[in-house]
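Chemist: Questions regarding the structure given below will be posed in turn.
The values are calculated or read from the model by the stated rules, or taken from the named source; none is laboratory data. Just so it is clear, the structure is predicted and the values come from calculations on it, not from any experiment. Neighbour counts run over all protein chains shown; Cβ positions are idealised from the backbone, glycine included. In case anyone asks, the SASA skips ligands and DNA or RNA and just uses the protein heavy atoms, side chains included. Shrake-Rupley method; radii C 1.70, N 1.55, O 1.52, S 1.80 Å.
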Amino acid sequence: MIQFTAKVEEGKIVIPEEYIGMVGEEVIEVTIKPKSSRLLDRLAEKPLAASGWRDLSRDEIHDRFDG
C-alpha cells in the first residue's frame with residue numbers, strides 16, 4: 001500500500017513523481033476524506049495548543065462540577 005497526500009488539479013488527483021513507477025497499471029483505490037466545515041470536527045482533528053493547559057483527571061472533573 002502506498003499512502004501520500006496529493007493535490008487535485010483540474011479535477012484529477014496528481015500522483016507524485018516518486019510513486020508513479022510503483023503504481024504502474026495496477027488498480028488504484030482512492031479514499032477522499034472531505035474537510036469538515038463544522039468547527040468541532042476540525043478541532044477534534046487538530047486541537048488548539050494552549051500554554052499551561054493540562055488534561056484533567058476524571059476525579060478533577062467531578063470535583064469541579066460536584067463541589
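Chemist: What residue, among those in segment 1-19 that are of a type in the set (A, V, I, L, M, F, W, C) and over 14 Å from Thr31 (Cβ atoms), is surrounded by the fewest Cβ atoms within 10 Å (Cβ to Cβ)?
Modeler: Within segment 1-19, the first condition is being of a type in the set (A, V, I, L, M, F, W, C), and the residues that meet it are 1-2, 4, 6, 8, 13-15.
Cutting the leftovers down to over 14 Å from Thr31 (Cβ atoms) gives us 14-15.
Working: Val14: 10, Ile15: 14.
Taking the candidates together, the pick is Val14.
Chemist: May I pose another question? Looking only at segment 35-51, which residues are open to solvent by less than 100 Å² (accessible area, probe 1.4 Å) and either in contact with a Phe, Trp or Tyr (Cβ under 7 Å, 6 or more places away or on another chain) or modelled with pLDDT under 80 (or both)?
Modeler: Passing the criteria: only Ser36.
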